[in-house]
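Student: Below you'll find the structure I mean.
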Amino acid sequence: FTGEGSISWPFGASRGFDLVVEHPPTRSTRSRKECDASANRLVLWLQERAGAPCFLFWHVYEPHAPYLDRRFVGLPVTLPPGVAADATEDWQRYLGDLAAADAALGRILQAIDDLGLRETTDVVVISDHGEEFGEHSKGVRSDRTRHGHALWDTLLHVPLVVVSPRVPPGRRDD
């Protein structure tokens with residue numbers, strides 16, 4: 001299940017999968033609805049499989065520029081060190097996109113629990129890159145929220161979360 005882009009069949013991402021479901025985003029119209037729709041289709045697929053063994057990959061564009069979720073815009077926010085003050089709204093929209101992805105992932109994890117699959121399921125969550133909000137770029141506003149141009153910690157340090165019945169909980173490595 002993929003939001004397309006570079007994680008799609010033209011780039012070979014379908015190799016080795018029995019089923020590939022692409023939910024292509026449109027940069028100008030991408031919304032939380034696409035993340036929700038993708039998660040909903042994935043949950044239905046899990047329910048249809050009735051616990052049969054599988055390898056599942058889920059890719060979404062939330063959070064990714066352009067950040068569209070406005071739920072936190074206008075609310076008080078403490079910006080992380082280095083984030084440019086004029087990137088506040090971008091940061092708030094980024095947090096909204098994070099919240100959307102988190103809620104969709106939560107529905108998937110709940111489906112895994114509801115189907116009784118938790119004890120036989122490994123879940124790995126990772127991001128392909130971080131984002132920059134003016135920490136290093138002093139250029140025009142469009143330069144402040146991007147990636148793919150440098151190797152700053154803000155772009156390289158991404159979460160890797162592993163939840164598995166075979167991995168002891170509680171280890172954190174910064």
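The values are calculated or read from the model by the stated rules, or taken from the named source; none is laboratory data. Because the structure is predicted, anything quoted here is derived from the model rather than measured. FYI the Cβ positions are ideal-geometry reconstructions off the backbone, even for glycines, and counts take in every protein chain you see. When the accessible area is computed, the model is the full protein with side chains, heavy atoms only, and any ligands, DNA or RNA have been set aside. Shrake-Rupley method; radii C 1.70, N 1.55, O 1.52, S 1.80 Å.
Student: Among the residues of the range 115-137, write down those that are in a helix (DSSP H, G or I) and exposed (fewer than 13 other Cβ atoms within 10 Å of the Cβ).
Tutor: Correct list: 119, 120.
Student: Of the conditions (1) assigned to a loop (DSSP other than H, G, I, E, B); (2) modelled with pLDDT of 85 or more, residue 89 satisfies every one except a single condition; which number is it?
Tutor: (1)
Student: Any chance you could count how many residues in the range 79-90 are of a type in the set (A, V, I, L, M, F, W, C) and open to solvent by 40 Å² or more (accessible area, probe 1.4 Å)?
Tutor: Result for the range 79-90: 2.
Student: Something else about it: What pairs come out if I take residues in the range 150-172 that are within 18 Å of residue 63 (Cα to Cα) and pair them with residues that are of a type in the set (A, V, I, L, M, F, W, C) whose C-beta lies under 6 Å away, six or more apart or interchain?
Tutor: Between residues of the range 150-172 that are within 18 Å of residue 63 (Cα to Cα) and residues that are of a type in the set (A, V, I, L, M, F, W, C), the close pairs are 160/126; 161/125.
Student: So is residue 64 part of a loop (DSSP other than H, G, I, E, B), in contact with a strand residue (DSSP E or B) (Cβ under 8 Å, 6 or more places away or on another chain) and of a type outside the set (S, T, N, Q) or not?
Tutor: no
Student: So, one more: Taking the stated definitions as given, is residue 56 out of contact with any Pro (no Cβ under 7 Å at 6 or more places or on another chain), surrounded by fewer than 17 Cβ atoms within 10 Å (Cβ to Cβ), touching a residue at least 12 places away in the same chain (Cβ under 8 Å) and assigned to a loop (DSSP other than H, G, I, E, B)?
Tutor: Yes, satisfied.
Student: Hey, another quick one. Only one of these conditions is not met by residue 48: (1) buried (at least 18 other Cβ atoms within 10 Å of the Cβ); (2) modelled with pLDDT of 75 or more. Which number is it?
Tutor: Of the numbered conditions (1) buried (at least 18 other Cβ atoms within 10 Å of the Cβ); (2) modelled with pLDDT of 75 or more, the odd one out for residue 48 is (1).
Student: Just the residues that are of a type outside the set (S, T, N, Q) and open to solvent by 50 Å² or more (accessible area, probe 1.4 Å), please, taken from the range 67-78.
Tutor: Selection gives 68, 70, 71, 72, 74, 75, 76, 77.
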